[in-house]
Amino acid sequence: MSAPVIDYRLDGIYRQRQEGYFMQRVKLPAGVISAQQARTVAAVAEQYGKAELHLTTRGSMEIHWLQEADLAAVKRALAKAGLTSRGACGGAVRGITCSSQGAAGFPALESLARRIHRHFTGNPRFERLPKKFKIGIEADSNNGRHLIQDVGLVFSENNGSGDCYDVYLAGGLGREPQAGFLYETGVAEERLIPLIEAVANVYAAHTSAGKRLKHLLRRVGETTFRRLISREPAYGDEFPPSGGLPEHLATPANDHRIEIGVFAGLLQAADLHKLADSAEQQADGTLMVTAEQNIALHPACSASHAAILTTLHQAGFKTAGTVFRVCPGSDLCRMGISPTRTVAGQLLEAMGTNARELRWALSGCHNSCTQPQLADIGIVTAGLAKDSSGERTPRYDIIRRQDQEGLGTVTDHSLTLEELLSRVAELH
């Protein structure tokens, strides 16, 4: 009798496209990781994988090429460094994301992200949800990332008693992109976790398996959706104000912030070790995985900034250039249809000077993990179709975001790679 197939998703593990290999996702609240923790992740990738990492647009790290026999050891190694992957995949509350790491008030956002992360991670009441449940926290609404979350929190003001946030609900991308709607303005921080609990409970009770919160909203309408949430016992709760010492690891951003470009989010473990050394010796001891799949750090002063830049340049690092978010695609992901990293390199070669100033995103399937609907120009691998020789090759849709208050829309459908490259070369 064959052994049962284990579902590892709640432990943050997905099967790779390659038979017998797995990916481990590591949740990082607001994308922040200490230098010591970063060394652990790098060491795990070296010992159990192929010494490389993928940085995601949601501020997490992924270790590929793991074998099943090593998964328990990987989990223990991460836990010893205070890292967890529980709920990083599957039907659970995913990592708490924040793309506002360069904002002056980022430490408060990171602290909130850590409190929400601690409350929901591993909490059995919020596991086995119908599908993933995503939460994002932002300093403002400029980049639109609050629109693509199941729960998007945007700082609105400090009213003298504490921070308040505007709450957006039921956003999401995928095959049916939908911008979240403004549920309530000026919600006190003490009400946020109870409100999120109420939303998650409604989602679990009224949504079919495999469907997102946005599907529930479409089915029942906003009026019924609001009524269901207001009837939840948690809805009226209010947590005590957070007391004690601050929870954030990163220091406030300043003019000396450095962002290191990581093409397509592919980072070698050896380079992560070097970046951890720079962060610990010349900055605040933390690294940040940015929403653009780069690594950032906060030097304390101009002298530290100059010293870090010299060290990094000597090691071959470059500061961030063209924004181009790229998923692993068909090279690693079972959902991927196109070899995105290769295609991204070809697209960069085809771009003119002005095109390189735009923000780009390329997704290897309709899941849209790179958030192409929020880029100036997003590209989604829409499917496969036969070419003139009868071979099935990827087809690409181009998405343009004209309205900065909403999501981008498809402007070009089902392009071949050659047609896609030609369109990009024509941009001015």
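The values are calculated or read from the model by the stated rules, or taken from the named source; none is laboratory data. Computed from a prediction, not measured in an experiment: that's the story for all the values here. Heads up, the Cβs are rebuilt from the backbone with ideal geometry, glycines too, and the neighbour counts pull from every protein chain shown.
Okay, residues lined up against (1) among the aromatic types (Phe, Trp, Tyr); (2) modelled with pLDDT of 95 or more; (3) more than 23 Å from residue 247 (Cα to Cα); (4) surrounded by fewer than 17 Cβ atoms within 10 Å (Cβ to Cβ):
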position	(1), (2), (3), (4)
18	no, yes, yes, yes
21	yes, yes, yes, yes
61	no, yes, no, no
69	no, yes, yes, yes
78	no, yes, no, no
86	no, yes, no, no
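Collect the residues in segment 283-307 that are assigned to a helix (DSSP H, G or I) and either crowded, with 21+ Cβ neighbours inside 10 Å or among the aliphatic types (A, V, I, L, M) (or both), keeping them in residue-number order.
303, 306, 307
Just checking: which of the strands (runs of 3 or more DSSP E) contained wholly in segment 138-199 hold 2 or more residues that are outside the structural domain of residue 383 (by TED's automatic domain parsing) and either at pLDDT below 95 or surrounded by 19 or more Cβ atoms within 10 Å (Cβ to Cβ) (or both)?
So the answer is 151-158, 163-169.
Among the residues of segment 127-142, which ones are of a type outside the set (Lys, Arg) and touching a strand residue (DSSP E or B) at 6+ places or on another chain (Cβ under 9 Å)?
Within segment 127-142, 127, 129, 133, 135, 136, 137, 138, 139, 140, 141 meet the criteria.
Could you tell me whether any residue of segment 383-394 is hydrophobic (A, V, I, L, M, F, W, C), part of a strand (DSSP E or B), surrounded by fewer than 17 Cβ atoms within 10 Å (Cβ to Cβ) and touching a residue at least 40 places away in the same chain (Cβ under 8 Å)?
Yes, segment 383-394 contains a residue that is hydrophobic (A, V, I, L, M, F, W, C), part of a strand (DSSP E or B), surrounded by fewer than 17 Cβ atoms within 10 Å (Cβ to Cβ) and touching a residue at least 40 places away in the same chain (Cβ under 8 Å).
Go through segment 308-329 and give me each residue that's modelled with pLDDT of 95 or more and either in a loop (DSSP other than H, G, I, E, B) or of a type in the set (S, T, N, Q) (or both).
Answer for segment 308-329, where residues must be modelled with pLDDT of 95 or more and either in a loop (DSSP other than H, G, I, E, B) or of a type in the set (S, T, N, Q) (or both): 327, 328.
Can you pull out every residue in segment 28-76 that is of a type in the set (Lys, Arg), in contact with a strand residue (DSSP E or B) (Cβ under 6 Å, 6 or more places away or on another chain) and farther than 17 Å from residue 296 by Cα?
Across segment 28-76, the qualifying residue is only 50.
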